[in-house]
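Step one of this worksheet: look at the structure below.
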Amino acid sequence: MATITTELATTARWNDVQHALTGGGDGASCQCIWPMLRNKDWNQTTTPERTEMFRAEIDAGPPPGIIAYVDGEAAGWIRVGPRPPQARLAHTRAIAAATSEPFDDESVWAITCFVVRREHRGSGLNRELLRAAVAFARDSGARLIEGYPVDTRGEKQHSNELFHGTLSTFTAQGFSERAELKPGRPLVALDLSA
């Protein structure tokens, strides 16, 4: 049985972050910068620019996410952190209409991206990544965590559509549905203050 571990994304783990992101899907081109930029700004960047922005973000700290390892090999990634720097969220009408939390509140965190290398999909990595993200947010003083998953309703979905995570993964960790962004896309939250 494979051993799954998780680590915070730090400068020393840059190569592992890149390995996790480049195993299939859009991770290699996105560089997990999509949540950080408004759409108009995103459309003006190139992959090398996104890579540079992501590297600078990790170098500056705090860690913007967590890497999952399978038997010591980087296999997955989750972005988790305070909501205010994730500029796309405040500028996404459906999220702005659905949340009751102010966008300048640093105690509200968001989980906006999952990536799992193709050869490790279906092995429970998203569950482990989310568990580690919740622990990291709690230890860092987060009051509430939001997520914006896909409700697959048990149906097979294209993996590139699942970078938000799945509703079942979030609800298994205690998140509850708070609002609907659009059909099949709820806003979920976990209150850490209780």
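Read-outs throughout are calculated quantities, based only on the coordinates presented, and are distinct from any laboratory measurement. No experiment lies behind these values; they were computed from the predicted model shown. Note that each Cβ is placed from the backbone with ideal geometry, even for glycine, and that neighbours are counted across all protein chains shown.
Listed values, structure above:
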{"quantity": "Sequence-distant residues sharing a close amide H with ALA75 (under 5 Å, placed H)", "calculated": "ALA68, TYR69, VAL70"}
{"quantity": "Residue-averaged 222 nm ellipticity for the chain, from DSSP H runs of 4+ at -39500 (n - 2.57), nearest 500", "calculated": "-8000 deg cm²/dmol"}
{"quantity": "Counted charge near ILE111, where neighbours are those whose Cβ lies closer than 9 Å (Asp, Glu -1; Lys, Arg +1)", "calculated": "0"}
{"quantity": "Antiparallel bridge percentage (DSSP; both residues within the chain; nearest 5)", "calculated": "85"}
{"quantity": "Placed amide H near ALA179: partners under 5 Å, 5+ positions off or other chain", "calculated": "LEU187"}
